[in-house]
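In what follows, a single structure is set out as structure tokens and then discussed.
Laboratory data are not the source of any read-out in this text; all were calculated from the coordinates shown. Predicted model only: the values in this text are computed from it and were never measured. Ideal geometry is used to build each Cβ from the backbone, glycine not excepted, and the neighbour counts take in all protein chains shown.
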């Protein structure tokens, strides 16, 4: 083979190889284009999914906050109901106990117990209006000097003001452990004051009078007086009957 | 399921009624005693799951009753909640030294009592 033929053959071979290489490159390019298109599509889909997920997350966050708020509201309501139930329990027990006996001493003890255990004071005195006009005589007491507090006459003591208008007096600034008159509860039958409950020092750990204590005093003002009045009448009846 | 038994001990019928009223909605069997001696005897005889024990009582105080309950083989592990009008540290310390598990102060707070009772009964392995 001559040098010319050799050269031509080489050129042809080189051209063929170049064409094959070019064709391979074009194929590869095509594949890459397809891959890029797929990736771009995936990317768009991923972006769509991300946006949807972010929206869902926002929705879930908002829902979670709603649920948390609702939960908080229910917890507060539950606490209120439990407190209310506890207060009602106090009132129910006090009322039930006051009217569970017609024995005078039992009624007096019950009044003391209610103040000691339900209000939270270990210094209490129960007075009854005596036959003598405007004279109040100590009928029962706990934790006070009974001799010193044996009786008082209206018009001579600072309790007058409290009993004069037959309204409950409470010192809402009285804190546990302070020696002071915390409450004066007139015992009324209709508009007539037949006695009084004086509450002095609150238990040391009791911070102050609570709303339920005021309700207990309201209840005592009416129910303790009727219970005590009935028990006294019962005692007198028994005495008359011998 | 067996109901949990709680022994309520207080010489005040007002407090016993109050405790019964507070615990009435939970599935407990409630038994009562009105003094320390009766409490110890009922604890031995009836083996309650929990005892609510008043401190100041006739015949035997709550502290003495608590010591007796702790000293008896069959009742030594029963949780005891002391119910006291004295919330100050020295009195609470006396409760611990006499073997009480927990304490609450009078006037009884229903929410606090229920929480402590439920908590102690669950801790004692008695499901609520």
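Just a few scattered comments:
- Across every pair of non-identical alpha carbons in the stretch A:99-241, the mean reciprocal distance, once inverted, gives a Kirkwood radius of 15.2 Å.
- Largest to smallest principal axis extent of the C-alpha atoms in the stretch A:74-119, angstrom: 46, 17, 6
- One chain, two ends: residue A:151 and residue A:16. Fully extended at 0.36 nm per residue, the span grows by 35.3 nm beyond their Cα-Cα distance.
- In degrees, nearest ten, helix A:3-98 long axis to first principal axis of chain A (Cα): 10 degrees
- Exercise: per-residue mean of other protein chain Cβ atoms within 10 Å, B:17-25: 4
- Rounded to two decimals, the Cα-based Rg/Rh of chain A, with Kirkwood Rh, is 1.85.
- Under the Debye formula (equal points on every Cα, no solvent term), log10 I(q)/I(0) of the stretch B:1-58 at q = 0.13, 0.25 Å⁻¹: -0.29, -1.00
- Calculated mean residue ellipticity at 222 nm for chain B: -13000 deg cm²/dmol, from DSSP H runs with n ≥ 4 weighted as -39500 (n - 2.57), summed, divided by the residue count and rounded to 500.
- Average beta carbon contacts from partner chains per residue of B:2-15, 10 Å cutoff: 3
- Rg/Rh for the stretch A:1-89 (Cα atoms only, Rh after Kirkwood) is 1.81.
- In terms of overall dimensions, the stretch A:151-226 has a Cα radius of gyration and Dmax of 12.5, 36 angstrom.
- Intensity falloff of chain B expressed as log10 I(q)/I(0), Debye formula with alpha-carbon point scatterers, at q = 0.22 Å⁻¹: -1.44
- Point-to-point label distance, residue A:215-residue A:105, nm (Cα→Cβ direction, 7 Å offset): 3.4 nm
- Choice from A:139, A:62, A:89 with maximal GNM fluctuation in chain A (Cα, 10 Å cutoff): A:62
- Nearest-ten-degree value, helix A:104-113 long axis tilted from longest Cα axis of chain A: 40 degrees
- Where only DSSP H runs of four or more residues are counted, chain A gives -20500 deg cm²/dmol as its mean residue ellipticity at 222 nm, each run worth -39500 (n - 2.57).
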